Amino acid sequence: MLLEHIKDPSDLRKMTYKQLDILAEEIRHFIIEKTSHTGGHLSANLGVVELTIALFRVLDMPKDKIIWDVGHQSYTHKILSGRKDEFDSLRKKGGLSGFPKRNESPFDAFDTGHSSTSISAGLGMAQGRDLKGEDYTIVSVIGDGALTGGMAYEGLNNASHIEKNFIIILNDNDMSISRNVGGMSTYLNGIRTARGYNKLKKDVESWLRSIPYVGDQVASSFKRTKESLKQMVIPGMIFEDMGITYLGPVDGHDIRSLERAIRDAKKVNHAVLLHVITKKGRGYAPAEKDPQRFHGVEPFDIRTGRPLEKSSGVTYTGVFSRKLCELAKKDSSIVAVTAAMPDGTGLAEFSREFPERFFDVGIAEAHAVTSAAGMAAAGLRPVVAVYSSFLQRGFDQIVHDVCLQNLPVVFAVDRAGLVGSDGETHQGIFDLSYLCEIPNMKVLAPKNAVELQQMLEYAFSQSGPCAIRYPRGRAYEGLSQYSSDIETGRAELIHRGSHIAFMALGSMVSTAEHICSKLREQKGLDPSLINARFAKPLDEDMIRELLKTHDKLITLEENVERGGFGQAVSSLAERESYACRVINIALPDAYIEHGDVSALREMLGIDSDSIIRRLERDGIV
């Protein structure tokens, strides 16, 4: 196999184009094989194999820098930069990350994980290069889906002013995670259909040069006017109008053409955008047929493309999806907003049942939040369904556009807490801290599937904003006998005991239940168990009662400790000088690496056995 002989980028330059085509297919087979065991991002990685090979052949890596927007298409980059043998550990605790990481390799120029950032990062790096008088090439690779994010336009706007080479590669596969939406998608589709421009330009120039005596002079004049031709043939030319040289479109699976185009881009002494057309999922039929489903996959059967493990039980996302549709049938003012994640957030079914009330704004979380605020101001009842880590990107809009006006927007905050294999950029461990600090916001977390449904009903009955945070994966179905009505700022007493009280929020209620059961069996203790329900407003009356009647109050949450639910309880106890000792069980104030969620919970000390050991060590039980 040719792949076995690739130790560093210099090995690529020794190969013929025929060998490179074979290598590309070997890389695809390698990626498919490895992700079938580890899971990972498949479709995006299969689409950029030739592009990555071409970049590594033309650039002087790692002196030159490639910044991959989002970074979930960096597998070939990692393979060609000497990490092929680490792929069995992909996305596992202590193993290879599924995203670029500067601390993993000098070939990884910038950590990424969220969309639409590569142009800004690349531009900043180019400005640093120029100020320091250094000489190297910087390439920012951004997908067409990421161009729906406002930050990409902020970067493009500034990039037009740079006076030295800066290359932006637009990887255009007509997809983000799901099908692209909006005006930029329509614009790029127009360019795709005008791909004859480049052939026309070359044919005309060649014909002019063939004219005896005056051909070269006429051809040179033609080159000076070719931009006018480009304006006529290709609609809009938004990038050229912004002062960024546009090259392309280029076949993203033709290594020879890619190399030629990248070399041309390197000659431009300002910002240049190279438009590359690729196919997401290329080389694996199931992924080509359904690139959305194969965007991020769990381990699967290569032959069929089906997951190896069938999910058992209903997920929190599924519970949300069904309940939202049920509520929307009764209330025509309910509308749903997603930022390019209709399937991942459970809104696909809503979009089918209520297409006129469904709004996919593309990868643009800030816009999603403010547009929902506008809908609420117009008398609608919007729900913004979004992953916890992605909602961070709309923080300012939550503060100023939703909460300042006390508008009734519901935030369905999916993937709250630890999510596992995608690592630091995707762990939903900050939402309690950043949401609870905002005036007018109510923040809830359900203990099980039934309570999530109750909380959705409650949220849509409120006159102001509410956020409901729930974890990834299977919904807990225990404690279903406890289902009292949701009342603002009221916790739920599950069991009244003595001396020690556990007050848990959301996903940690089941953990607290297991701890209480083990303490009863192993130590003869009878702890109280309280389901907090609200991180904000706190049930201060319940907390005061617990502080008065117990020696120790232990809070549990799947969020960083700083600014979280537990610290708010501790603050109340300190402020009012209760003798009861308050212990906060939470995640450390740190970025948490990738790995299996169960392994991470144990490592971080928030599983039931680890918590009991800590309580024993500290003399609490």
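None of the figures in this text is laboratory data; all of them are computed from the coordinates on show. The structure presented is a predicted model; accordingly, all values stated were derived computationally and were not measured. Note: ideal-geometry Cβ built from the backbone for every residue, glycine included; neighbour counts use all protein chains shown.
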The exposure ranking of Phe430, Phe320, fewest beta-carbon neighbours within 10 Å first, is Phe430, Phe320
Rank Ser97, His400, Pro588 by how far each Cα sits towards the positive end of the charge dipole of the chain (+1 on Lys, Arg Cβ; -1 on Asp, Glu Cβ) and give me just the farthest. Ser97
For Lys536, other-chain or 5+-apart residues with amide H closer than 5 Å (H placed, Pro excluded) are Val443
Tell me, what is the percent relative contact order of the range 319-469, built from C-alpha pairs under 8 Å that lie six or more residues apart? 23
Percent antiparallel among DSSP beta bridges confined to the chain, nearest 5, equals 15
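Restricting to DSSP H runs of at least four residues, report the calculated mean residue ellipticity at 222 nm for the chain, -39500 (n - 2.57) per run over all residues, nearest 500 deg cm²/dmol.
Working: 24 runs with 239 residues, N = 621.
That comes out to -11500 deg cm²/dmol.
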Net dipole in debye of the chain [+1 Lys, Arg Cβ; -1 Asp, Glu Cβ; about Cα centre; nearest 20]: 1280
Within a 10 angstrom radius of the beta carbon, how do Ile468, Ile119 rank from fewest other beta carbons to most? Ile468, Ile119
Count charges around Met508 for me, please; just the other residues with Cβ under 11 Å from its Cβ, Lys/Arg as +1, Asp/Glu as -1. -2
Let's see if you can work this out: charge +1 on each Lys and Arg Cβ, -1 on each Asp and Glu Cβ, no other charges. What is the dipole magnitude of the range 426-498 about its Cα centre, in debye to the nearest 20? 180
Quick note on Glu477, Glu134, ordering by fewest other C-beta atoms within 10 Å, gives Glu134, Glu477
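Give me the number: length gained by fully extending Ala378 to Glu457, i.e. 0.36 nm times residue separation minus the C-alpha to C-alpha distance, one decimal in nm.
Between Ala378 and Glu457, full extension yields 26.4 nm more.
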Linear extension gain, Lys548 paired with Asp88, 0.36 nm per residue minus alpha-carbon span: 160.3 nm
If the viscosity is 1.002 mPa s and the temperature 20 °C, what Stokes-Einstein diffusion coefficient in µm²/s follows for the chain when Rh is the Kirkwood radius over Cα pairs? 81
Leaving out same-chain residues fewer than 8 places away, which lysines sit with a Cα under 28 Å from that of Lys310? Lys34, Lys92, Lys93, Lys280, Lys289, Lys323, Lys447
Compare the Cα positions of Ser570, Ala385, Ser351 along the charge dipole of the chain (+1 at Cβ of Lys, Arg; -1 at Cβ of Asp, Glu; about the Cα centre) and return the one farthest towards the positive end. Ser351
Dipole moment magnitude, nearest 20 debye, the range 525-621 about Cα centre, only Lys, Arg, Asp, Glu C-beta charged: 240
For the range 319-469, rounded, prolate or oblate, judged on the Cα gyration tensor with a ≥ b ≥ c (square roots of eigenvalues), a/c < 1.5 rounded, else prolate if a/b > b/c? rounded
Give the cross-link partners of Lys18 among the aspartates and glutamates, using a straight C-alpha distance below 20 Å as the criterion and excluding same-chain residues fewer than 8 apart. Glu4, Asp8, Glu26, Glu50, Asp251, Asp254, Glu259
Where a ≥ b ≥ c are the square roots of the eigenvalues of the C-alpha gyration tensor, would you call the range 492-617 rounded, which needs a/c under 1.5, or, failing that, prolate if a/b is larger than b/c, or oblate? oblate
Separation between the Arg617 and Gln522 pseudo-spin-labels, each 7 Å from Cα along Cα→Cβ, expressed in nm? 1.4
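Sequence gap at least 6, Cα distance under 8 Å: using those rules, report the relative contact order of the chain to the nearest whole percent.
Over the chain, the number comes to 11 percent.
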When we measure straight from the Cα of Lys523, which lysines land under 25 angstrom away, once same-chain ones fewer than 8 places off are left out? Lys548, Lys552
